[in-house]
Amino acid sequence: MLGVLITLAVVAVVAYCVLKNYYPPIILLIAGFVMLICAAVMGTPPMAPEKSTHFFGFDLGEAFTALMRSRLPGLGLNIMLIAGFSVYMDRIGASRALVKLCVRPLQAIRSPYVLLAVTYIVGQFMALFINSAVGLGLLLMASVYPLLVALGVSRASAAAVIGSTCCLDLGPASSNAMRAADLLKTDVVTYFVQDQIPVALCVIATVAIGHFFVPECLGIKIELGDHRSSFPTTQQVLALLADIRVGAMIAGKTGFLHIHMGNIPGAFDMFKAIVETGMPIRHIRPTHCGRIRHVFDAAVEFAKAGGWIDITTGASCCFEHPAEAVVAAIDAGVDPSHITLSTDGHGSVPRFNEKGEMIGLGVGGVDGNLLETKRLIAEHRMPIEETLAFTTKNVGAALGLADQGVVKKGACANACLFDDAFELTDVFARGRGMMRSGEIVVKGTFEL
């Protein structure tokens, strides 16, 4: 137990020094000597008795020399070879050529998260033959990373999937597999086939599915103040927000609670009480904030306190048009950068009679954002650059996605082009043309 605690302490100190930008090779060398000394104090000398020099200092030097003699010709040269190959590929433009060659056929895979899952599985297969995590990471960064970015995967997600491929110590060439096989008194191939593969298949499938389902943002959607809601208490919502916040912190992502606002009062009072406990307001994201006047008024105060509010352009609104709700919120003192617009497009829209009985379902339209953007420009004389922010820059900032909603080098390459009459002519998604000269050129799976 003491040995485990000493090991954890040394690892923690090494991690701290690396984060503080101390020179890693020296830090690791010192840590290795500290571990050897601690092992000697606990009864495990650095050299076997028959090979000992009978002087502790010389024995440490001999142990270091033996390790370097065994590791450098194999693992060390392997890493150097892969690193040199990676640099050479980049220097001669091979990485860029690979991107140009592979981008077009791989664009048939529309979801970047499918690409992440496939990359992880391929990386694990490569790890069977490249038993150096550093070498595998270098090779994938030189070949796969630029390809993923070119296909629309964010840089952070591409780096994360490559890093995760190096975390599973798998295969008959693995030193840990050899050690485990030795302890079990079996050969390493038998251990790999009978013991490692069944577990590895489950782990690989789970991680690949995780890469697919966990995007840049983590969140949960609930209903509050709606007759279809489960009416959670303040404490229950606070506990949910705490889970979202901690999960997002661990994953290094943005975490938020997306809240469908109904007509029943009280939800924003709950938000105020939650924020007063110390929960950052940025994790609370109400939508449908313009549906009825008392919800809108409470949303305005929430936004003035630093929160974000979303006004739906394709559903009921307490103003004649959602554009008027935007103008009213700004006139009331809301920071325009904390307002977003969304359509609820293709969502189910229930229809009720005067008795509150549901008599049917409609489908939410997808053109609301464009209609209200035109209305803000034409009827309310709002500058174009300010109007467009409600559906572009503000949305990206609200979700913590620096490459979304902006036009800049390295961004997501999503764009809508308009003519002088502000009619939509062309649409690009991740650099791919979806509409050209007013004609839709890419359709969905179930569209004719």
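The values are calculated or read from the model by the stated rules, or taken from the named source; none is laboratory data. Note that the structure is a prediction, hence the values are computed from the model and not measured. Neighbour counts are summed over all protein chains in view; Cβ atoms, including those assigned to glycine, are modelled from backbone coordinates with ideal geometry.
Values as computed for the structure displayed
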{"item": "From Asp269, Asp182, Asp187, Asp195, residue being under 27 Å from Arg293 (Cα atoms) and either among the charged types (D, E, K, R) or in contact (Cβ under 8 Å) with a residue 60 or more places away in the chain (or both)", "result": "Asp269"}
{"item": "Extreme residue, surrounded by the fewest Cβ atoms within 10 Å (Cβ to Cβ), among residues of the range 215-272 that are small (Gly, Ala, Ser) and in contact with an Asp or Glu (Cβ under 7 Å, 6 or more places away or on another chain)", "result": "Ser229"}
{"item": "Qualifying residue in the range 46-61 (condition: modelled with pLDDT of 75 or more, under 22 Å from Gly3 (Cα atoms) and in contact with a Pro (Cβ under 7 Å, 6 or more places away or on another chain))", "result": "no"}
{"item": "Matching residues in the range 373-404 - criterion: being within 17 Å of Val153 (Cβ to Cβ) and not polar (S, T, N, Q)", "result": "Gly396, Leu399, Gly400, Leu401, Ala402, Asp403"}
{"item": "Criterion violated by Pro383 - all others in (1) surrounded by fewer than 17 Cβ atoms within 10 Å (Cβ to Cβ); (2) at pLDDT below 90 satisfied", "result": "(2)"}
{"item": "Out of Leu388, Leu376, Leu370, sole residue that is out of contact with any Ser or Thr (no Cβ under 8 Å at 6 or more places or on another chain), part of a helix (DSSP H, G or I), among the aliphatic types (A, V, I, L, M) and surrounded by 17 or more Cβ atoms within 10 Å (Cβ to Cβ)", "result": "Leu370"}
{"item": "Residues within the range 148-170 that are touching a Pro at 6+ places or on another chain (Cβ under 9 Å) and polar (S, T, N, Q), tallied", "result": "2"}
{"item": "Hits in the range 275-301 - residues which are assigned to a helix (DSSP H, G or I) and touching a strand residue (DSSP E or B) at 6+ places or on another chain (Cβ under 7 Å)", "result": "His283, Val295, Ala299"}
{"item": "All positions within the range 302-337 that are free of Cβ contacts under 8 Å to residues at least 12 places away in the same chain and part of a loop (DSSP other than H, G, I, E, B)", "result": "Glu320"}
{"item": "Filter result (free of Cβ contacts under 8 Å to residues at least 60 places away in the same chain and among the polar types (S, T, N, Q)) within the range 128-172", "result": "Asn131, Ser132, Ser143, Ser157, Ser164, Thr165"}
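Here's the yes/no breakdown for (1) part of a helix (DSSP H, G or I); (2) within 23 Å of Gly61 (Cα to Cα); (3) in contact (Cβ under 8 Å) with a residue 12 or more places away in the chain:
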{"site": "Gly3", "(1), (2), (3)": "yes, yes, yes"}
{"site": "Leu8", "(1), (2), (3)": "yes, no, no"}
{"site": "Tyr16", "(1), (2), (3)": "yes, no, no"}
{"site": "Tyr22", "(1), (2), (3)": "no, no, no"}
{"site": "Leu29", "(1), (2), (3)": "yes, yes, no"}
{"site": "Phe33", "(1), (2), (3)": "yes, yes, yes"}
{"site": "Ile37", "(1), (2), (3)": "yes, yes, yes"}
{"site": "Ala40", "(1), (2), (3)": "yes, yes, yes"}
